[in-house]
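Take a look at the structure below.
The values are calculated or read from the model by the stated rules, or taken from the named source; none is laboratory data. Given the structure is predicted, the values throughout are model-derived calculations rather than measurements. Cβ placement follows ideal geometry from the backbone for every residue including glycine, while neighbour counts extend to all protein chains displayed.
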Amino acid sequence: MNKNFAEEIGLNVIHICLPQESNEEEILDEILKLNEDPKVHGIALHLPANTQTHKVLTALNPE
């Protein structure tokens with residue numbers, strides 16, 4: 001989702017850009033922090049091709 005559009009419809013957007021060389025553990029740590037934040041109600045991920053996608057996606061808390 002485009003950040004400007006999201007803000008236009010009333011969503012608060014936090015844009016976190018990890019370095020391209022971030023490893024899986026660093027990505028998972030960031031996701032786990034967001035999972036614990038009661039102000040976060042959704043996460044949109046844009047993953048690099050070299051990421052273990054399944055492991056990262058299963059770290060997302062669907063609640």
For the stretch 1-30, which residues satisfy the criterion of being under 16 Å from residue 56 (Cβ atoms) and in contact with a helix residue (DSSP H, G or I) (Cβ under 7 Å, 6 or more places away or on another chain)? 16, 18, 24, 27, 28
Please work out which residue is surrounded by the most Cβ atoms within 10 Å (Cβ to Cβ), limiting yourself to the stretch 25-63 and to residues that are modelled with pLDDT under 85 and of a type in the set (D, E, K, R). 55
Taking the residues in the stretch 1-24 that are exposed (fewer than 10 other Cβ atoms within 10 Å of the Cβ) and in a helix (DSSP H, G or I) as candidates, determine which candidate is modelled with the highest pLDDT. 8
